[in-house]
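Report on one structure; see the data block that follows.
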Amino acid sequence: MQDLAQLFTLLSEPVRLQILGKLASGEQCVCKIFGALGLPQSTVSRHLALFRAAGLVEARRKGTWMHYRLTPESWPEAWRAILEIVIAEASSRLECDDTNAVCSPTGRGDASRSGRVEVRSEC
């Protein structure tokens, strides 16, 4: 029962739902996630660290950037159905356009007047 309480605690933050929605389409660079959501990189990384500690995501380093992916094969059985529903709903609600959410070589995107991250280089 405590496992389910941990899951619902993780899912209680709207930003975390948005992150799960972004990861639903496959592995993502953290730079694309924070750029698309318009959040600071440190905020997104903090939420991803919680997901990682709970076993919901896996991370790998590619150059200077971390790339994250969902790991449904490692989720406890009790979590699987809940997460599949939540992730499907979160990904359908995302209205972000990834075209301007691309990594910058310094790890920092330049905020434009619209609040989006400007393209500087590919991940």
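For this structure, a couple of remarks:
- Residues of segment 50-64 satisfying the condition of being of a type outside the set (S, T, N, Q), exposed (fewer than 13 other Cβ atoms within 10 Å of the Cβ) and free of Cβ contacts under 8 Å to residues at least 60 places away in the same chain: 53, 55, 60, 61
- Among the residues of segment 65-78, those that are under 14 Å from residue 28 (Cα atoms) and in contact (Cβ under 8 Å) with a residue 40 or more places away in the chain comprise 65, 67, 68, 69, 70.
- For residue 48: the one exception among (1) touching a Leu at 6+ places or on another chain (Cβ under 8 Å); (2) within 21 Å of residue 14 (Cα to Cα); (3) not acidic (Asp, Glu): (1)
Rule-based calculations on the coordinates, nothing more; no lab input. Because the structure is predicted, anything quoted here is derived from the model rather than measured. Ideal geometry is used to build each Cβ from the backbone, glycine not excepted, and the neighbour counts take in all protein chains shown.
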